[in-house]
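Below: one structure, written as structure tokens.
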């Protein structure tokens with residue numbers, strides 16, 4: 001896209017050209033992240049994580065997910081019906097290899 005000039009109004013607002021908005025998928029209500037470095041302003045679409053979803057990005061949650069994926073890869077998974085789950089009737093899984101090694105010591 002060729003260089004385009006935009007003006008800032010007396011309220012500090014600027015209007016991005018329609019072609020730029022279309023190209024970047026910017027619509028009404030899109031939040032942009034503003035950074036200033038070396039007298040240059042950069043705008044880019046912001047990724048906003050709501051407060052109720054922040055737990056999923058905590059190190060503990062990520063570690064738990066990695067352990068779960070490792071269990072799936074190792075075959076430590078089984079299918080349950082809702083009834084079996086509610087009654088607590090499900091097979092016990094074998095301990096992880098690291099836990100088994102610690103138990104032998």
task = Tell me which residues, restricted to the range 8-30, are in a strand (DSSP E or B) and exposed (fewer than 10 other Cβ atoms within 10 Å of the Cβ).
result = 8
task = Could you list, in sequence order, all residues of the range 36-48 that are surrounded by 10 or more Cβ atoms within 10 Å (Cβ to Cβ) and assigned to a loop (DSSP other than H, G, I, E, B)?
result = 46
key: Condition met for residue 33 (touching a strand residue (DSSP E or B) at 6+ places or on another chain (Cβ under 6 Å) and either at pLDDT below 95 or surrounded by 10 or more Cβ atoms within 10 Å (Cβ to Cβ) (or both))   = yes
ask   = Do we find a residue being over 17 Å from the mean Cα position of the chain (by Cα) and at pLDDT below 85 anywhere in the range 55-76?
value = yes
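The values are calculated or read from the model by the stated rules, or taken from the named source; none is laboratory data. Every value quoted in this text rests on a predicted model; they were computed, and no experiment measured them. Heads up, the Cβs are rebuilt from the backbone with ideal geometry, glycines too, and the neighbour counts pull from every protein chain shown.
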